[in-house]
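Right, one structure below, let's go through it.
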Amino acid sequence: LVPLAPVADLKRGSSMWAHDNNQEPASRWLWQSGRDAWTAFAPNQASALEQAWATGGGVVRIDAERQVRVDTSGVPMRQERVDNPGRSRAVKRENGGAQEGKRPRLTPAAPSATADADGGSGGGVSPAASGPPLAWRLNRLGEQWSRVLPSSVNTDSVSLDELLSAGELEGATQLHLHNFLFDLDFVFETCPALGSFVASGGLVKVFHGDGRPPRSVAATTMPAAVECFEPPTEQFGTMHSKCIVVVRPSRLSVHVVTANFIFSDWHNKTNGVWSGSFPRLPPPPPPPAG
């Protein structure tokens, strides 16, 4: 059995698309989600499948419920339930490179040779091998949409738990969440790395515009770790900014989002994410003498 490390345990390089080997698999792994529909595996899952392929095959556990039988001899590969292997779906491996009728894959830059002094992956943004930085992405739609939409809709997408993974929070002292609507329990359940972040002394600051602090188990059981603020506005205004700010001693990582922090916005609607990293400016030079 080839184990798959949880997303939170994967080493992150300078790119949001980099995973345990700091490089996206050269091949594309998909499972059959409908009669003529195929859905791409998540990048960390594809990395584990490609590793198994390179070493002659094996059984890869991709999450708590599913595993994939990787075979290099030509035997059809299957994704099956761990508790009921009879329930399975076909799996295929496509060689790298854009295929006709499919959106071309973005190419991340080579990983940085040195890590940031305070940890983290640089905000999940890296320049492409050629062209502009890969700053804009779409959120990853829920699996239920794979039955009615082509798998390409989730190509190069990003999920909330990737934006708030252990790698993205490494070295951070504060996390600022800005939005209009909040379901903090959904955020903490979707992003398990947040629990470790606050347990190690990290502070989560919630800036909301809904007129009242978010009601959640997270806010009531960890009042010292989760602080809620409602920024002042004019009489008929409301705070509607939507972003994630990861605060480190030497750098800010910023993800500007168009989704509220609620389940339906991240799983059932197409929203955008812009990511950027901003190093701390050096202190100004001293004024000239005299």
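Values as computed for the structure displayed
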read-out: Cβ-Cβ FRET estimate between ALA54 and ARG215, R0 fixed at 35 Å, reported to 0.05; value: 0.10
read-out: Extension reserve of the LEU203-ASP63 stretch, reckoned as 0.36 nm per residue once the Cα distance is removed; value: 47.5 nm
read-out: Full-stretch length increase - SER241, GLU227 - with 0.36 nm per residue and alpha-carbon distance subtracted; value: 3.3 nm
read-out: Nitroxide proxy distance, nm - points 7 Å out along Cα→Cβ at GLU234 and ASP36; value: 5.4
read-out: Pairs of alpha carbons in the stretch 142-290 whose separation is greater than 24 Å (percent); value: 39
read-out: Extension gain (nm, one decimal) between ALA135 and ASN268, 0.36 nm per residue minus Cα-Cα; value: 45.7 nm
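Each reported figure results from applying straightforward, stated rules to the coordinates on display, with no laboratory input. Values in this document were obtained by computation on a predicted structure and should not be read as measured data. FYI the Cβ positions are ideal-geometry reconstructions off the backbone, even for glycines, and counts take in every protein chain you see.
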